[in-house]
Amino acid sequence: MTKVHRLATMTWDDVPPKSLVLVPMGSTEQHGPHLPFETDTLIATAVAESIAKAMNGEGVDVILAPAIAYGASGEHQEFPGTISIGHDALRMQIVELVRSLSTWAGRIVFVNGHGGNVKSLASAIEEMRQEQHDVAWLACILESAGDAHAGSIETSVMLHLAPERVRMDKAEPGQLASLKEILPLLMSSGVKAASPSGVLGDPTTAAADIGQQLVDQLVASGAALITYAAVDDQGRLVSSELAS
């Protein structure tokens, strides 16, 4: 079985020189009455770990860094338990992490599981690339037009990754309108104004086998994007088609 190099459990003399470092990014925010606050962080970490395992199996030195568990989640702040550090603090954290990691790492890739982090992430990575750091970011965000948050997709993935943390007895449909329809309301008034339960989608249709397929797709595409190493103007890893 391929070993995953977890930075948190290594010692300094275990660290391979100029390794590829994957940094999972998530959030601590409400995910309805049926999913835990760590949902985004858990998904990003699981995807990053599987990518590391796959790439280490191909002879690449990949290190899995501890996850960033606090993100920009202001749109969920009306729900008790949500912890958001906002865009400015998150952006500065990313900048300082890259500057520190670059003293010993080869490449750095942030694996992001929360859409609210994108503004800070893209801005910070763009600046860091201008400073000549070898850094990029990868999205592992799971959403569709009418299933943007804690709906069928995220619940399916959690049923695959951590079924013991899913409370399907509390799962119920939330706001079913498309994200495009409700985005102005979300931007102006937050998630609770659009969905009192905090759910955007219908988690009652979730299934673990669907979640496994989705994770497998994210891992395969993520590993391919990291290997290809093309980025857009915000430092996001993109496919060869988009790069051209």
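No other residue among Leu90, Leu22 is crowded, with 20+ Cβ neighbours inside 10 Å, modelled with pLDDT of 95 or more and farther than 26 Å from Leu183 by Cα apart from Leu22.
Here Leu185 clears all of (1) surrounded by 14 or more Cβ atoms within 10 Å (Cβ to Cβ); (2) touching a residue at least 12 places away in the same chain (Cβ under 8 Å); (3) among the aliphatic types (A, V, I, L, M) except the condition numbered (2). Inside region 93-126, residues that are in contact with a strand residue (DSSP E or B) (Cβ under 8 Å, 6 or more places away or on another chain), in contact (Cβ under 8 Å) with a residue 40 or more places away in the chain and surrounded by fewer than 18 Cβ atoms within 10 Å (Cβ to Cβ) make up a count of 1. Is it true that Val135 is in contact with a Leu (Cβ under 6 Å, 6 or more places away or on another chain) and at pLDDT 95 or above? So Val135 does not fit the description; no. Taking the listed residues Gly71, Gly86, the one that is farther than 28 Å from Thr204 by Cα and either touching a helix residue (DSSP H, G or I) at 6+ places or on another chain (Cβ under 7 Å) or touching a residue at least 60 places away in the same chain (Cβ under 8 Å) (or both) is Gly86, with no other qualifying.
Every condition in (1) closer than 16 Å to Thr39 by Cβ; (2) in contact (Cβ under 8 Å) with a residue 12 or more places away in the chain; (3) part of a helix (DSSP H, G or I) holds for Glu164 except the one numbered (2). Number of residues in region 127-156 that are part of a helix (DSSP H, G or I) and surrounded by 18 or more Cβ atoms within 10 Å (Cβ to Cβ) equals 6. State yes or no: is Ser239 under 22 Å from Pro80 (Cα atoms), loosely packed, with under 14 Cβ neighbours inside 10 Å and free of Cβ contacts under 8 Å to residues at least 40 places away in the same chain? In short, no. When region 47-90 is filtered for residues that are small (Gly, Ala, Ser) and under 16 Å from Met10 (Cβ atoms), the ones remaining, listed by number, are Ala48, Ala52, Ala65, Ala67. Scanning region 8-18 finds no residues that are buried (at least 16 other Cβ atoms within 10 Å of the Cβ), in contact with a strand residue (DSSP E or B) (Cβ under 6 Å, 6 or more places away or on another chain) and either over 20 Å from Ala139 (Cβ atoms) or touching a residue at least 24 places away in the same chain (Cβ under 8 Å) (or both).
Counting residues that are at pLDDT 95 or above and among the charged types (D, E, K, R), which helices (runs of 4 or more DSSP H) fully inside region 170-244 reach at least 2? Let's see the steps before the verdict.
On the way: elements: 179-189, 191-194, 208-228, 240-243.
In region 170-244, 208-228 are the helices (runs of 4 or more DSSP H) which contain 2 or more residues that are at pLDDT 95 or above and among the charged types (D, E, K, R).
The values are calculated or read from the model by the stated rules, or taken from the named source; none is laboratory data. Remember, predicted model here, so these are calculated numbers, not experimental data. Cβ atoms come from the backbone with ideal geometry, glycine included; neighbour counts cover every protein chain shown.
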